[in-house]
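Q: My structure is below; once you've seen it, I'll send some questions.
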Amino acid sequence: ADTVWGKVPVPPGAPQGTQRLLVRPAGVRLTDVRDGLPCTVEARTFRGDHVALMLRPGDGPRLEAACALRDAPEAGARVGVAFDADEVVVLSAP
């Protein structure tokens, strides 16, 4: 799908045309900043079995990612983001 974040993979058989997307935090994968959508880590919150990260891309709305504590970057860090089609939900357009 073409989005404000660039191309985002969607599940096979997803409806075509103008739609809304829901990207679950588990579907936002951290990469090297050169290999994905560049984002800044705005905040991180410990959630028991993972850390929730609030990410600010240069353009578009914020993203939430979930990752293991040992892999969680500090607030202010620059990371790249890639998307997992299995965690993207295509919703009906408004």
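The values are calculated or read from the model by the stated rules, or taken from the named source; none is laboratory data. In this text the structure is predicted, and so the values were computed from the model without any measurement. Using ideal geometry, Cβ is built from the backbone for each residue, glycine included, and neighbour counts are taken over all protein chains shown. To get the accessible areas, we keep the full protein, side chains included, count just its heavy atoms, and leave off ligands, DNA and RNA. Shrake-Rupley method; radii C 1.70, N 1.55, O 1.52, S 1.80 Å.
Q: If each of residue 56 and residue 43 carries a label point 7 Å out from its Cα toward its Cβ, how far apart are those two points in nm?
A: Result for the modelled spin labels: 1.2 nm.
Q: Next question, about the same structure. Could you give the size of the charge dipole of the chain about its Cα centre, using +1 on the Cβ of each K and R and -1 on the Cβ of each D and E, expressed in debye and rounded to the nearest 20?
A: 140
Q: Find the relative contact order for region 6-91 and round it to a whole percent, using C-alpha pairs within less than 8 Å whose residues are 6+ positions apart.
A: Relative contact order comes out at 45 percent.
Q: Quick one: order 84, 71, 2 from most to least accessible surface, probe 1.4 Å.
A: Per-residue accessible area, sorted high to low, gives 2, 71, 84.
Q: Name the residue farthest towards the positive end of the dipole of the chain from the options 33, 18, 45, assuming +1 on Cβ of Lys and Arg, -1 on Cβ of Asp and Glu, about the Cα centre.
A: 45
Q: How long is the gain from residue 92 to residue 32 if the chain were fully straight, where each residue apart is worth 0.36 nm and the alpha carbon distance is subtracted?
A: 18.4 nm
Q: For residue 84, project a label point 7 Å along Cα to C-beta. Then give me every residue of region 4-48 with its amide nitrogen under 11 Å of that point.
A: Under cut-off, by backbone N: 24-30.
Q: Kindly sort 74, 87, 64 by accessible area of their heavy atoms, largest first, with the probe set to 1.4 Å.
A: I get 74, 64, 87, largest accessible area first.
Q: Which label marks the calculated value of P(r) over Cα pairs in 5 Å bins from 0, in percent, given the options [x] 3, 14, 25, 25, 16, 11, 5, 2; [y] 3, 16, 27, 27, 19, 7, 1, 0; [z] 3, 12, 24, 27, 20, 10, 3, 1, 0?
A: Matching the structure shown: [x].
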